[in-house]
Amino acid sequence: MNIEEIKERYPDIELKELSADFPRMPISDYAELSEYSWEDCHKGVLGAGGLFLTSDMVRMIEAKEGMRILDLGAGNCLTSIFLAKRYKAKVIAADLRVNPSENWNRIKEAKVTDSVIPIKMDAYNIPFAKGYFDAVFCMNSYLYFGTGDLYLSYLVQFLRRGGRICIASPCYAHELSSETPSEFLEEASVAYHSPGWWQHHFEKTGLVNLLHCKEHPEGRELWLDMVRWLVEECHPRERDEGMGDMILHDILMLLNDRQRFVTYFMLLAEKK
Ligand SMILES: C[S@@+](CC[C@H](N)C(=O)[O-])C[C@H]1O[C@@H](n2cnc3c(N)ncnc32)[C@H](O)[C@@H]1O
């Protein structure tokens, strides 16, 4: 189906008509997710990647039992629960907007009340001791507060020496320019920096050793997988509402993007 046809027929498109472009992420490739269904990997996660991206990040920080992790911008704290359940880490699920009482209900349901603490917290006002955390984990959130030049020097104070920070977020393969086609623009586009930009942003501080900063090899596929999940979750009529605009925008953007301009990056840094 071509783009014009999709625009004309949306939301009355059968998913199978788009299947070739929307294969599900192959869950059997992820040993960590053996106890989860594909649906579980997306349910409640606020952004693309779901527990697939979480697993890639967890491998990077080398999560282990007892590790103190700050899940910064944790949203519905599904990532915090995964870190606690699977790796027995001690996690602070911190978010500015998501109600910690709602997260506490999720934590109780997942039976990880001894390991995950939900708090309402602004990333600019971290109420913990300096050097307290072994790792900071930021999935789909760092771009909302961490693009300022001074933020990293604030955040690393709360990490122990050798502690790791792992970030994964949407990005563009190159920085935005006046030539970037408008269909690639989104609400938060101005913070979708290229991996090269992030590398410089971190390295120039002199506070961390950068261990990894690259496009995720399956960034576009992770994003498509989220769109597939949303399409499967939302009935076509519901897709007429605001959510529908977002889904249609993402379908058109991703299907147009044969150059893989819209993708994801992952960054891993260690405090010096
Ligand atoms: C796209 S959501 C991702 C949530 C979660 N990490 C996930 O993957 O499902 C971004 C989250 O960042 C949080 N956030 C934005 N600015 C923040 C700030 N200054 N301090 C703490 N959290 C913030 C938002 O409330 C939101 O829940």
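The values are calculated or read from the model by the stated rules, or taken from the named source; none is laboratory data. These figures come from a predicted structure and were not determined experimentally. Counting neighbours? That spans all protein chains shown, and the Cβs are built from the backbone with ideal geometry, glycine included.
Of all the numbered requirements in (1) assigned to a helix (DSSP H, G or I); (2) touching a Pro at 6+ places or on another chain (Cβ under 6 Å), Lys214 misses one, and that requirement is (1). Here His193 meets each of (1) in a loop (DSSP other than H, G, I, E, B); (2) modelled with pLDDT under 95; (3) surrounded by 12 or more Cβ atoms within 10 Å (Cβ to Cβ) with one exception, condition (2). In summary, Pro23 fulfils each of the numbered conditions (1) closer than 27 Å to Ala129 by Cβ; (2) part of a loop (DSSP other than H, G, I, E, B) with the single exception of condition (1). The condition (being out of contact with any Gly (no Cβ under 7 Å at 6 or more places or on another chain), surrounded by fewer than 15 Cβ atoms within 10 Å (Cβ to Cβ) and within 25 Å of Ala123 (Cα to Cα)) is satisfied by just one residue among Glu215, Glu187: Glu187. Screening Leu176 with (1) touching a helix residue (DSSP H, G or I) at 6+ places or on another chain (Cβ under 9 Å); (2) within 16 Å of the ligand (Cβ to nearest atom); (3) part of a loop (DSSP other than H, G, I, E, B) gives one miss only, at (2).
Between residues in segment 134-163 that are at pLDDT 95 or above and residues that are polar (S, T, N, Q), which pairs lie under 7 Å by C-beta distance while being six or more apart or on different chains? Final answer for the pair search is Phe137/Thr79; Met139/Thr54; Met139/Thr79; Asn140/Ser169; Tyr142/Ser169; Leu143/Ser169; Leu152/Thr205; Ser153/Thr205.
Which members of segment 1-20 meet the condition of being in a loop (DSSP other than H, G, I, E, B) and in contact with a Leu (Cβ under 8 Å, 6 or more places away or on another chain)? Across segment 1-20, the qualifying residues are Met1, Tyr10, Pro11. Return the residues of segment 95-109 that are in contact (Cβ under 8 Å) with a residue 24 or more places away in the chain and more than 8 Å from the ligand (Cβ to nearest atom); say none if nothing qualifies. Matches in segment 95-109: Glu102, Asn103, Arg106, Ile107.
Residue-wise test of (1) among the charged types (D, E, K, R); (2) not in a loop (DSSP other than H, G, I, E, B).
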{"position": "Ala48", "(1), (2)": "no, no"}
{"position": "Arg59", "(1), (2)": "yes, yes"}
{"position": "Gly66", "(1), (2)": "no, no"}
{"position": "Gly75", "(1), (2)": "no, no"}
{"position": "Lys85", "(1), (2)": "yes, yes"}
{"position": "Lys108", "(1), (2)": "yes, yes"}
{"position": "Pro118", "(1), (2)": "no, yes"}
{"position": "Tyr124", "(1), (2)": "no, no"}
{"position": "Ala129", "(1), (2)": "no, no"}
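Only residues that are free of Cβ contacts under 8 Å to residues at least 40 places away in the same chain and not polar (S, T, N, Q) were counted across segment 122-133, and they come to 6. Does Leu176 satisfy the condition of being over 23 Å from Ser55 (Cβ atoms), surrounded by 12 or more Cβ atoms within 10 Å (Cβ to Cβ) and at pLDDT below 95? Against the criterion (over 23 Å from Ser55 (Cβ atoms), surrounded by 12 or more Cβ atoms within 10 Å (Cβ to Cβ) and at pLDDT below 95), Leu176 qualifies. Scanning segment 246-269 for residues that are buried (at least 16 other Cβ atoms within 10 Å of the Cβ) and not in a helix (DSSP H, G or I) returns Asp257, Phe261, Val262, Thr263, Tyr264, Phe265, Met266, Leu267, Leu268, Ala269. For segment 56-94, the set of residues classified as among the small types (Gly, Ala, Ser) and either within 16 Å of the ligand (Cβ to nearest atom) or under 17 Å from the mean Cα position of the chain (by Cα) (or both) consists of Ala63, Gly73, Ala74, Gly75, Ser80, Ala84, Ala89, Ala93, Ala94, listed by residue number.
Restricting attention to segment 39-55 and to residues that are more than 18 Å from Tyr142 (Cβ to Cβ) and surrounded by fewer than 19 Cβ atoms within 10 Å (Cβ to Cβ), the residue that is farthest from the ligand (Cβ to nearest atom) turns out to be Glu39. Taking the criterion of being away from the ligand (no atom under 14 Å from the Cβ) and either of a type in the set (Ser, Thr, Tyr) or part of a helix (DSSP H, G or I) (or both), the only residue of segment 131-151 that qualifies is Tyr132.
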